[in-house]
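In what follows, a single structure is set out as structure tokens and then discussed.
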Amino acid sequence: MLSNRKQPQNPPPEVKVKKTGLVRQVRTYRLITPLYGGGAKPQQPDEVTVVRASEIRGLLRFWWRATRGGQFGGSLEKMRAAEEAIWGSATGKGKGTSPISLAVRIINRGHEIRQVIVRTRHGEKRVNIGDPSSPYGYVAFPLRDNKGSVWGGVEFELHITLRTASVKVDDREFNLQEEIEAALWAWETFGGVGARTRRGFGALELVAWKENGHARPVEKPQAQDVLIWLKKKLTEHVVGAVWAPGVPHLSHNPLMALTNSQSDGIKAWQILIQRLQTFRQRRHKKYGLSLWPEANVIRKVNGLAPKWPPNVSNPRLVEKFPRAHFGLPVVFHMPHDKQLKDDFTLRGQSAPGSDKPIDRLASPLILRPLACRDGKYVGLAIVLDTPREPPYGLEVDGFPPNKKNVRADLTKREANTEPLRHVLNGEPDVLKAFMRTLGWKEE
């Protein structure tokens with residue numbers, strides 16, 4: 001059934017600059033990668049606007065916390081008070097409207113993508129975008145069996161109005177333009193729109209912007225200077241040093257890595273997807289036994305003997321679930337073990353006194369293509385500073401109550417055991433080990 005809502009045909013009305021401090025920006029974006037979801041229905045874009053101003057406000061709030069949330073000495077209350085004064089709040093102490101107005105005008109709604117062409121030994125064929133053989137299959141797996149779609153070619157304008165130059169919170173004054181510029185830069189560089197942006201969907205490219213009617217230059221790095229440029233901009237926009245516990249954030253020297261430059265943003269993204277898939281699914285052979293320990297831990301808990309890859313001398317079972325650090329939940333489906341009829345789900349333990357486990361924990365790893373000034377694109381991988389595990393630990397749904405609590409962190413010795421060392425090369429931090437596959441080196 002089609003929505004009765006109508007697509008806005010005109011840009012928001014112009015705001016005349018009369019008041020000191022009033023600033024209006026119009027920023028034009030195109031999506032480098034397809035838009036995944038973003039509407040009221042799961043896995044579907046909005047029926048009318050595709051990209052919504054309310055969604056962008058929430059994303060900018062996140063990236064404001066990630067860049068500016070360290071200036072409050074670790075106080076969550078003080079950070080929230082400043083956030084509500086800048087971005088608005090419907091409830092609480094800072095109840096009121098935001099001095100920042102946002103509106104979206106869709107330039108190009110784009111086109112639906114349900115299938116892609118893949119090459120096989122028997123020629124080309126069309127498959128669902130989430131199919132395992134699809135170049136996007138590893139990150140678009142929820143779309144298998146035609147449950148949803150993505151949209152390519154989306155372009156839109158973001159209209160921003162700052163109605164005042166600054167806001168005051170508890171005797172501190174915040175320059176609004178500095179605060180929003182930090183959030184915008186981080187969102188444009190590391191974020192996107194829609195769902196699954198941490199795996200590269202909905203990646204943004206700023207193609208033009210105006211301020212109070214005057215065109216401004218779009219700042220992009222040369223492909224060979226991306227890391228230098230990123231560190232310079234992080235130094236400019238990330239302020240403070242102590243964040244409240246549990247607040248994901250950037251730092252001046254985060255864990256970052258790049259692919260070689262590509263002529264196409266999709267190619268750069270696909271390199272990242274392939275590297276992550278190869279690392280997380282590392283096997284003895286393409287369809288052989290996993291070199292990760294989780295499947296053997298599941299077998300042991302269920303009274304089955306471990307299965308080891310051939311030619312592995314002195315194998316030792318590390319009884320942990322290290323891939324939890326890539327985000328939760330993790331579902332283990334083991335069809336070749338006929339005795340194990342059900343799947344096993346790795347998730348967070350419930351809080352004391354609660355019977356509701358923590359089913360989701362966003363991955364700290366962000367993968368996306370980044371547009372460069374010379375028309376090239378690089379694949380960017382960055383790890384946010386954020387807890388790697390839920391606050392009350394991990395559990396496996398499907399394990400007996402006395403064995404369901406598990407751990408993910410590894411010791412140096414465990415990272416060097418057979419066969420896990422063939423994945424990690426002795427690095428106990430699994431995210432660092434992955435970043436090394438992209439050429440990252442510890443300074």
**Asked** Taking the Cβ-Cβ separation of Asp374 and Thr164 as r and a Förster radius of 35 Å, what is the calculated FRET efficiency to the nearest 0.05?
**Response** 0.35
**Message:** Compute the distance from the alpha-carbon center of the range 112-154 to that of the range 196-261, in whole Å.
**Reply:** 29 Å
**Message:** Using only Cα atoms and rounding to the nearest 10 degrees, what angle (0 to 90) does helix 76-87 make with the longest principal axis of the chain?
**Reply:** 50 degrees
**Asked** For the chain, what is the mean residue ellipticity at 222 nm derived from helices alone (per DSSP H run of n ≥ 4: -39500 (n - 2.57); sum divided by total residues; nearest 500 deg cm²/dmol)?
**Response** -6500 deg cm²/dmol
**Fill in**
Taking a crude spin-label model, label points 7 Å out from Cα along the C-beta direction, the His284 to Leu227 distance in nm is 3.6 nm
**Relative contact order of the range 328-427, defined on C-alpha pairs under 8 angstrom at six or more residues apart (%)** = 22 percent
**Request:** Can you tell me which of 190-202, 311-323 comes out highest on packing, and rank the rest after it, using the mean Cβ neighbours within 10 Å?
**Result:** 190-202, 311-323
**Histogram of C-alpha separations across the range 371-443, 5 Å bin width, %** = 3, 12, 16, 15, 19, 15, 8, 6, 4, 2, 1, 0
**Request:** Please compute P(r) over all alpha-carbon pairs of the range 124-186, binned at 5 Å starting from zero, and give each bin as a whole-number percent.
**Result:** 4, 13, 14, 11, 8, 7, 9, 9, 10, 9, 4, 2, 0, 0
**Asked** How much length is gained if the chain between Lys338 and Ala351 is pulled fully straight, taking 0.36 nm per residue apart and subtracting their Cα-Cα distance, in nm to one decimal?
**Response** 1.3 nm
**Message:** Tell me the per residue accessible area of the chain using a 1.4 Å probe; a whole number in Å² is fine.
**Reply:** 50 Å²
**Request:** Take the alpha carbon atoms of the range 328-375, find their radius of gyration, then divide it by 2.2 N^0.38 Å using N residues; give the quotient.
**Result:** 1.92
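Give, as a single signed number, the net charge of other residues whose beta carbon lies under 15 Å from the beta carbon of Asn311, with Lys and Arg counted +1 and Asp and Glu -1.
+3
Could you work out what % of the accessible surface of the range 60-206 is carbon and sulfur, using a 1.4 angstrom probe and leaving DNA, RNA and ligands out of the count?
Values: 2920 of 6480 Å².
Answer for the range 60-206: carbon and sulfur cover 45 percent of the accessible area.
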**Message:** Can you compute the modelled spin-label distance between Asn212 and Asn253, with each label point 7 Å from Cα toward Cβ, in nm?
**Reply:** 4.0 nm
**Asked** With all protein chains present, how much of the accessible area of the range 331-433 (probe radius 1.4 Å) comes from carbon and sulfur, to the nearest whole percent?
**Response** 47 percent
**Prompt:** How big is D, in µm² s⁻¹, for the chain by Stokes-Einstein at 20 °C and 1.002 mPa s if Rh is the Kirkwood radius over C-alpha pairs?
**Reply:** 90 µm²/s
**Request:** Could you rank the peptides 295-302, 82-89, 273-280 by their average count of other C-beta atoms within 10 Å per residue, with the highest value first?
**Result:** 82-89, 295-302, 273-280
**Message:** Nearest 10 degrees is fine. How inclined is helix 265-280 to the longest principal axis of the chain, computing both from alpha carbons?
**Reply:** 30 degrees
**Asked** Lysine pairs, Cα distance under 29 Å, 8 or more residues apart or cross-chain: how many in the range 215-316?
**Response** 13
**Ranked by how many other beta carbons lie within 10 Å on average, peptides 155-165, 411-421 from highest** = 155-165, 411-421
**Request:** Taking the dipole about the Cα centre of the chain, with the C-beta of Lys and Arg at +1 and of Asp and Glu at -1, give me whichever of Ser149, Pro335, Leu31 is farthest to the positive side.
**Result:** Pro335
**Item:** the range 319-443 - charge dipole about Cα centre, Lys and Arg +1 at Cβ, Asp and Glu -1, debye rounded to 20
**Value:** 220 debye
**Message:** Can you compute the modelled spin-label distance between Asn175 and Phe141, with each label point 7 Å from Cα toward Cβ, in nm?
**Reply:** 4.6 nm
**Request:** Normalising by the residue count of the range 170-232, find the relative contact order in percent from Cα pairs under 8 Å and 6+ residues apart.
**Result:** 16 percent
**Message:** Would you work out the Kirkwood radius for the range 297-443? I mean one over the mean of 1/r across all pairs of different Cα atoms, in Å.
**Reply:** 17.4 Å
**Request:** May I ask you to derive the relative contact order of the chain, considering only C-alpha pairs under 8 Å and at least 6 residues apart, and to give it as an integer percent?
**Result:** 17 percent
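Below 13 angstrom from the Cβ of Arg280, what's the summed charge of the other residues (Lys, Arg +1; Asp, Glu -1)?
Around Arg280, the charge tally is +4.
Please work out how much length the chain gains when fully extended from Asn425 to Leu304, using 0.36 nm per residue of separation minus the C-alpha to C-alpha distance, in nm with one decimal.
So the extension gain works out to 40.8 nm.
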**Message:** Rounding to the nearest 10 and keeping the result within 0 to 90°, find how far the Cα-based axis of helix 226-237 lies from the longest principal axis of the chain.
**Reply:** 60 degrees
**Item:** Dipole axis of the range 176-305 (+1 Lys, Arg; -1 Asp, Glu on Cβ), positive-most option in Pro217, Leu272, Pro248
**Value:** Leu272
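The values are calculated or read from the model by the stated rules, or taken from the named source; none is laboratory data. Bear in mind that the values here come from a model prediction, so they are computed numbers and not experimental data. Note that each Cβ is placed from the backbone with ideal geometry, even for glycine, and that neighbours are counted across all protein chains shown. Please note that ligands, DNA and RNA were not included when accessible areas were found on the heavy atoms of the full protein model with its side chains. Shrake-Rupley method; radii C 1.70, N 1.55, O 1.52, S 1.80 Å.
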